[in-house]
Amino acid sequence: MGGEEDGAQRAGIVGSALRGASLLASVQLLSRALTFVLNVGLTRHLEDPSLLGVSSVQLYLLYTVVLTLAREGVRRTCLRTAAARGDGPVAAHGQGAAALATRRDLVNLTWCAVLAGWAATPLACQWFIWSADAAALEKISMQDYRQSIWIVGLAIVTELLSEPMFVAAQGQLAYGRRSAIEALAVTARCLVTIGLVLAAKMGLQAFAFGYVAYAATLLLGYTAYFAQASRTTGQNQELSPIWALHGLEDLKPTDWLRVRDADLFQLAASMSLQQVWKLVLAEGEKMVMVTLATDASDQAVYALVFNLGSLVARFVFLPIEEAAFAVFGKLNDLAKHGNTFADAPQSTTARISPRVLVALLCRAMTLLGLVFVAFGPSYAHFLIHFLYGERWSEHTTAPQVLGYYCVYVLVLAVNGVTEAYVHATANDATLRRFNGWLFVFSVVYLASAAALVQYRAPGLILANSINMAMRIVFSVRYIVATSGSSVTELFPAATSLAAFALAAIATHLSAGNLYANFASWSRAAAHIGVGASALISLVAFLGLFAERPFVREVQAVRAEMSSSTKSKGL
């Protein structure tokens, strides 16, 4: 019975995480759709496009750098530690002293991250003010820029207060509440920004106050959720006994922030160091733009394309990556307790294993990324023209840059899943080795970005692609070595690639001969029809022929999760 119970628990973990990721993606999709529509209207009516550039580069970079360095390593440490010490079958029956001690250490660790972020905020704000180039800001005055930087600093301090509650919600797999709170926060930020720009005629400060609205909504939302003890007592205890809270008092710092388990600091330090290199790799192009003082108008084109192109990364790739990290970590812990997946290779339970899931996710994300590669460049001009108007589609390089970005989406999609597997399953020695390689990757990336910035946004996209490709190679080598999967299991078949190539050729010919840079609405409609026909034909060919084994494997995993969930009465 132990194997059956473990299989049911494994299926429950995977099902809960995947349902949570689906819910998170769905809610974020709705909120992003609303805010996207509002932001399109805002961009169309901006009197000074340089506002878009500075707000999307300098203000965003300040916000991201401080929060990432302060909390991301601790977030990963807390989730991984909870999975290893409290979420396995040994701890599945009640919340004992070990679980309580672990929770106190994790809570204190999150408060250490909060204090570190508070200390770093004024230093970072002052650096962004000191390094600013008045000429590169163009029409934005230094006074407005300085005020905006300090307002963003206030937002950072406010958002850090919600960090212990976020970690607890993440540990509980409370995707529903988290989705609702984050959706409200994104909407509040958008409405405040648009209201201040259009109604109050405010400049750069409007974008900074948007960050404050986002942070305040997060803080109030999580506080309201955890303040209601009747809704949090014992929540998700079966899957996460460490985070079976009784109210906000369980998330207060204790014992002068003492963390009794010294190994936690070592793991948090390793994870945080990894985040430094990942931050450089993720935001290096913005750092290069700020350091080399590129013009705000060039930053505006970059911001428009990257904000549009990264929508899919924010509300599709990110939830999948977070769910994959949680699933791989929990299943890896079950295997360490002796319930190895190789023990029953003929069992249907063996389908829900890190080896199978990482192969399915890699292939799925590659197929999704290839859709953008095949269709994106041919429809980038229409999208820019339709959303932002002729000023952006005809008088800037935004359509061409968006086409390049669609190619970048492919490596972005694959890297998210492969690195999630590495982070969730690697031991400390492997993580340290990965950190060393990330340092090498960051040096190569910054050098390539600095060399290619003369080509503006396309050069930065190429530098990003080089960065992601290097990281994928490391992660895939680790996956092959530890999971037993082969490279051919992780990626689509050659016939699938040929089908995507044919679709890309068809849409490219349609764009050049039929669409002709929005010659007319009738030609644009015909071009869209060609793309729709090509996409339908492509999906049918993949599902019925080229990727039929992949489809069957996905169906088998879903059937097993469904049957295990029903057997547990979930």
- Task: List, in order, the whole-Hz ³J(HN,Hα) value for each residue of the stretch 126-136 obtained from phi through the Karplus relation with A = 6.51, B = -1.76, C = 1.60 and θ = phi - 60°; use x for Gly and Pro.
- Result: 5, 5, 5, 6, 5, 8, 5, 10, 4, 5, 5
- Query: For the stretch 461-549, what class follows from the C-alpha gyration tensor (a ≥ b ≥ c being the square roots of its eigenvalues): rounded when a/c is under 1.5, otherwise prolate if a/b is larger than b/c, else oblate?
  - Reply: oblate
- Grab the Cα-Cα distance for Met142 and Asn517, subtract it from 0.36 nm times how many residues apart they are, and report the gain in nm with one decimal. 131.1 nm
- Note on the structure: Across 10 Å bins beginning at 0, the whole-percent shares of Cα-Cα pair distances in the stretch 127-229 come to 15, 37, 27, 15, 4, 0
- Query: Given labels modelled 7 Å from the Cα in the Cβ direction, how far is it in nm from Leu509 to Lys201?
  - Reply: 5.5
- Return an integer: the convex hull volume of the alpha-carbon atoms of the stretch 99-140, in Å³ per residue. 76
- Task: Kindly write out, for the stretch 308-314 in residue order, the coupling ³J(HN,Hα) from the Karplus curve 6.51 cos²θ - 1.76 cosθ + 1.60 (θ = phi - 60°), rounded to whole Hz, with x marking Gly and Pro.
- Result: 6, x, 8, 4, 5, 5, 6
- Virtual spin-label span in nm between Asp261 and Ala224, 7 Å along Cα→Cβ: 3.3
- Residue span Val440 to Tyr455: 0.36 nm per residue of separation minus Cα-Cα distance leaves a gain in nm of 3.0 nm
- Taking a cut-off of 20 Å between Cα atoms, list the aspartates and glutamates near Lys201, but don't count ones fewer than 8 places away on the same chain. Glu47, Asp48, Glu138, Asp144
- Task: Please name whichever of Val487, Ser448, Ser465 sits farthest to the positive end of the charge dipole of the stretch 418-516, dipole taken about the Cα centre and charges placed at Cβ: Lys and Arg +1, Asp and Glu -1.
- Result: Ser448
- Between Asp48 and Ile536, what is the FRET efficiency for a Förster distance of 45 Å, r being their Cβ-Cβ separation, to the nearest 0.05? 0.55
- Query: Simple spin-label model, 7 Å along Cα-to-Cβ: Trp130 to Leu100 in nm?
  - Reply: 4.8
- Message: As an exercise, use a Förster radius of 45 Å and the Cβ-Cβ distance of Val40 and Asn427 to find the FRET efficiency, rounded to the nearest 0.05.
- Response: 0.45
- Item | Taking all pairs of distinct alpha-carbon atoms in the stretch 245-289, Kirkwood radius in angstrom | 13.5
- Message: How large is the Kirkwood hydrodynamic radius of the stretch 410-507, counting all unique pairs of alpha carbons, in Å?
- Response: 15.2
- Working out 0.36 nm times the residue gap between Leu502 and Val157, then minus their Cα-Cα distance, what length gain in nm do you get to one decimal? 119.1 nm
- Item | Positive dipole terminus of the stretch 91-190, leading residue within Ser131, Ala116, Gly153 (C-beta point charges) | Ala116
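Every read-out reported here was derived from the displayed coordinates using simple, explicitly stated rules and does not represent laboratory data. Worth saying up front: this structure is predicted, and the values here are computed from it rather than measured. All Cβ positions, glycine included, derive from the backbone under ideal geometry; neighbour counts span all protein chains shown.
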